[in-house]
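The values are calculated or read from the model by the stated rules, or taken from the named source; none is laboratory data. All of these numbers come straight from a predicted model, not from anything done at the bench. With ideal geometry, Cβ positions are generated from the backbone for all residues, glycine too; neighbour counts draw on all protein chains shown.
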Amino acid sequence: MLSRRRFLTLLGLAGLGAAGALGLAVAQTYPFQTNRYRRVLPGLDRPLRVLQLSDLHYGPWVHAASVRAWVKAANAENPDLVVITGDLIESGLRLEWLKDVYRASSPDLEVLLAELGKLKAPLGVYSIWGNHDNGLPEVKRFLGQRLPKQGVEVLANRGLWVREDLFLSGVDDYWAEEANPKVSLVGYRRGKASLGLVHNPDFWDFYQGLPVSLVLSGHTHGGQVYLPGIGAPWTPSFYGQSYLGGWYNPGYSPGSPPVPGFVSRGLGMTLLPLRINAPAELVVFDFLPEG
């Protein structure tokens, strides 16, 4: 028969075990990897280094110290071009508003802007919006007005030539129902490299027949929590676990993306400060011309 003392001892040990497991999970949340890839990008005339940040989720769980560390690591890679593929903020972010709702009196956002303004790349720093950015329209407007002043240009359904052999385009978020890839590609000249920025990889379906060499995305966080034998219990994707992270070629997943794509696991986290077997990542691409 289990005595009261033994029961309480076992209960205490179970509690310690649970606390230890939670602590281990939280410990996996903030460290990040820098992952590097070399790949041919059709249409390039000469090599190109692109650095991707994604899913910062600045807010309750991600503060200035994290952004500062990401920016420092990014600059250390000496990229030619820096791209941010959406979700700069966490939609749970609470702000103190002025009477005019189009202006925010949040020093935290000013710190975010200042840190992102330290990103350096000769071909520029570009960002797109994600679903969490669109979840706070006032914040999106606030950032949209100030990011360019910090040297971060937002591509919302538009594109431009960042080099004579590279056209960069970006769309607004899929869930906002404002993404328009055709408009973003106006001005592209065939035969040159075309790099697209899309927050949600589900939206790759809409690039069928469009001139994009590669699309970079984020959104799914690698599942954020990935359990052995189970996988990711939940992902914000119509295709379930198909787009958790990494490289995708046409026909690879149930979604059968019409263009090659890459999904970053991102840097921040949503809902809870928790990552399990889905480490945060900064991604460096060394793109090479054909031949």
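See the values below:
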quantity: Residues that are under 20 Å from Leu160 (Cα atoms) and at pLDDT 95 or above, drawn from region 208-221; calculated: Leu210, Pro211, Val212, Ser213, Leu214, Val215, Leu216, Ser217
quantity: Index of the failed condition, Phe262 passing every other in (1) over 29 Å from Leu81 (Cα atoms); (2) not in a loop (DSSP other than H, G, I, E, B); calculated: (1)
quantity: Residues of region 1-58 that turn out to be modelled with pLDDT of 95 or more and part of a loop (DSSP other than H, G, I, E, B), as a count; calculated: 11
quantity: Candidates Tyr243, Tyr226, Tyr248, filtered to the one that is over 14 Å from Asn200 (Cβ atoms) and crowded, with 18+ Cβ neighbours inside 10 Å; calculated: Tyr226
quantity: Residue count, region 208-219 (criterion: touching a helix residue (DSSP H, G or I) at 6+ places or on another chain (Cβ under 7 Å) and closer than 22 Å to Asp55 by Cα); calculated: 3
quantity: Given (1) under 22 Å from His219 (Cα atoms); (2) touching a strand residue (DSSP E or B) at 6+ places or on another chain (Cβ under 8 Å); (3) at pLDDT 90 or above, index of the condition Leu93 fails; calculated: (3)
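For (1) modelled with pLDDT of 95 or more; (2) of a type outside the set (Asp, Glu); (3) in the same structural domain as Leu113 (by TED's automatic domain parsing); (4) farther than 18 Å from Leu56 by Cβ, each residue gets a yes or a no:
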position	(1), (2), (3), (4)
Gln150	yes, yes, yes, no
Arg158	yes, yes, yes, yes
Trp161	yes, yes, yes, yes
Asp172	yes, no, yes, no
Glu178	no, no, yes, yes
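So that you can scan it fast, the table gives a plain yes or no per residue for (1) assigned to a loop (DSSP other than H, G, I, E, B); (2) free of Cβ contacts under 8 Å to residues at least 60 places away in the same chain:
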residue	(1), (2)
Glu178	yes, yes
Lys182	no, yes
Tyr188	yes, yes
Asp205	no, yes
Gly222	no, yes
Trp234	yes, yes
Gln241	yes, yes
Leu274	yes, no
Val284	no, no
